[in-house]
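*Asks:* One structure is given below, represented as structure tokens, and several questions about it will come after.
The values are calculated or read from the model by the stated rules, or taken from the named source; none is laboratory data. Keep in mind that this is a model prediction, so the values were computed, not measured. Cβ atoms come from the backbone with ideal geometry, glycine included; neighbour counts cover every protein chain shown.
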Amino acid sequence: MAFANVSDIIATTIENRSRKVADNVTKNNAILSRLEQRGKRRPFSGGRLIYEELSFAENSNAGWYSGYDILPVGIADVISAAQFDIKQAACPVTISGLEMLQNAGKEAFIDLLEARINVAEATMANLVAGGLYSDGTGAGGKEIDGLDAAVSDTPATGIYGGINRQNFAFWRNQYAGGTTATLLADMNALWASLVRGMDRPDLIMVDSVFWGAYVAALQSNQRFTGTSEGTAGFGFPSIKYMDADVVLDGGIGGFCPSGTAFFLNSKYLHYRPHSAREFTSLAPNKRYAINQDAEVQIMAWAGNLTTSGAQFQGRLDGIT
């Protein structure tokens, strides 16, 4: 006989698997796995915007004194916040009335359901992974504010996180154009521009072109350093530059732009999914098409990728 409560089963299955899906998305994405390791996966529970508090100046009251000198105690306005929109993504899981009739047994239906939810999970994972590299303008501005926005190739222009980069130098990432012939020297120069005391990049995301040029440069100089333990456990192809993991996000299904390396300090990057909308079923109620014999449940995600220290992020382009 036909399965009557189809949409209930779809919704329940999605809910039961949502935590697993979220974990798998993190573990299979080098950026998100590093942010997870550093405690930078920070779900939020509500609000119109996502805020990231940041320090934009030193306290001007600090200074030297002697004996009974008067100490300045004026208000030092050094804390502000960047603000990011909540971005949303969804993938429907549908089944038609005919398919319900054709899948007469419970086992047959579960096989069909399993296959369709697997596809939805993989699709959502790829959607978020691609969004992590976007500039936030895709789909009419509905896409994640990804690395192309956070680590721009025009860092002195545009508004990011509600802050005009033309007016505030502290909110500009570092950017450099490079060449294959001078690759290591270009990487060294960009690296040095991103170091402040103990702050330095810990993750460098590269595409296949950059990866090939970097590995060739290491081999020709006999400086190949092997696989990084920090990311090898998740199965990412990676080697070291200084003490940062250089991770390949290229090949089949890679999203990193061609000839590009993102020098990331994950201390100042944050993955901010909504606590009630991280690959969950949009609603447990039945959803019927008005003019079709079909039911649908929707797997949904909401959140954004945010930054609290743009000046600690770098980008190197131009490798061929």
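*Asks:* So which residues in the range 161-187 are aromatic (F, W, Y) and at pLDDT 95 or above?
*Replies:* Correct list: Y175 only.
*Asks:* Could you please find all residues in the range 162-182 being outside any loop (DSSP other than H, G, I, E, B) and among the polar types (S, T, N, Q)?
*Replies:* Of everything in the range 162-182, those that are outside any loop (DSSP other than H, G, I, E, B) and among the polar types (S, T, N, Q) turn out to be N164, Q174.
*Asks:* Taking the conditions exactly as written (modelled with pLDDT under 90 and either under 31 Å from the mean Cα position of the chain (by Cα) or loosely packed, with under 14 Cβ neighbours inside 10 Å (or both)), does L98 satisfy them or not?
*Replies:* Judged against the criteria, L98 is a match.
*Asks:* Also, I was wondering about something else. All but one of (1) modelled with pLDDT of 95 or more; (2) in contact with a helix residue (DSSP H, G or I) (Cβ under 9 Å, 6 or more places away or on another chain); (3) over 30 Å from S80 (Cβ atoms) hold for F263; which doesn't?
*Replies:* Unmet for F263, out of (1) modelled with pLDDT of 95 or more; (2) in contact with a helix residue (DSSP H, G or I) (Cβ under 9 Å, 6 or more places away or on another chain); (3) over 30 Å from S80 (Cβ atoms): (3).
*Asks:* Scan the range 248-276 and report the pairs whose first residue is of a type in the set (V, I, T) and whose second residue is assigned to a loop (DSSP other than H, G, I, E, B) and at pLDDT below 95, with Cβ atoms within less than 7 Å and a gap of 6+ or a chain change.
*Replies:* T260/D207
*Asks:* Could we say that G161 is over 27 Å from V209 (Cα atoms) and touching an Asp or Glu at 6+ places or on another chain (Cβ under 9 Å) here?
*Replies:* Taking the combined requirement at face value, the residue satisfies it.
*Asks:* Please state which one of A216, A115, A192 is over 23 Å from the mean Cα position of the chain (by Cα), under 30 Å from E53 (Cβ atoms) and in a helix (DSSP H, G or I).
*Replies:* Criteria check complete, one pass: A192.
*Asks:* Can I ask one more? Of all residues in the range 303-320, how many are hydroxyl-bearing (S, T, Y), touching a strand residue (DSSP E or B) at 6+ places or on another chain (Cβ under 9 Å) and more than 18 Å from R48 (Cα to Cα)?
*Replies:* 1
*Asks:* To continue, here is another question. Residues of the range 34-46 being assigned to a helix (DSSP H, G or I) and surrounded by fewer than 21 Cβ atoms within 10 Å (Cβ to Cβ), which ones?
*Replies:* E36, Q37
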